[in-house]
1. Let me make sure I get this right: for the stretch 54-94, a, b and c are the square roots of the gyration tensor eigenvalues over alpha carbons, sorted descending. Under 1.5 in a/c it's rounded, otherwise prolate if a/b > b/c, else oblate. Which is it?
2. How long is the gain from T79 to I110 if the chain were fully straight, where each residue apart is worth 0.36 nm and the alpha carbon distance is subtracted?
3. Using DSSP to call loops (not H, G, I, E or B), can you name the GluC sites (Glu not before Pro) in the stretch 85-120 whose Cβ has at most 13 other Cβ atoms within 10 angstrom?
Amino acid sequence: MRDQGAAGRTGTGAGTIGGGTDGGGTGGDGTRVGTGGVTGERGSGVQPRPQPRRFHGTIRLDAGRTGRDAGKVADEVLTHLVGLVGAEVTVTLEVTARVPDGVPYDVVRIVTENCHTLKFDEQGYEVE
């Protein structure tokens, strides 16, 4: 389950890391790029590229299937990152809702109380 977007494919030029479907490929300079980093297959003297030190990602989840989709993210991405020694992984959930006819007061109360119980860092409503 890897993103195969053009920006993340291996072999698209020097400096690209990740993407692809087999976990490896050839870098723009002919060296092998794989899950274990860069190996100098062209001979001695090839310097390995520095390993990435930061990951960031944003995904839009289906509001009707948030649990399922968030579970997939946890299984396919987070488990690999939190398992790294010394990794500091932060996950932030942002919720935005627009209701054309307005949010009923009983729903405002329920959601506000639930946000307090769940210890949201911030939450609120706006009148547009």
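1. Working: a/c = 2.88, a/b = 1.90, b/c = 1.52.
Prolate, since a/c reaches 1.5 and a/b exceeds b/c.
2. Details: separation 31, 0.36 × 31 = 11.16 nm, distance 3.26 nm.
That pair, T79 and I110, stretches by 7.9 nm at full extension.
3. Working: sites: E88, E94, E113; in loops: E88, E94.
Answer in residue order: E88, E94.
Values in this text are rule-based calculations from the coordinates and carry no lab data. Being a predicted model, the structure only gives us computed values, none of them experimental. Backbone-built Cβ (ideal geometry, glycine too); neighbour counts: all protein chains shown.
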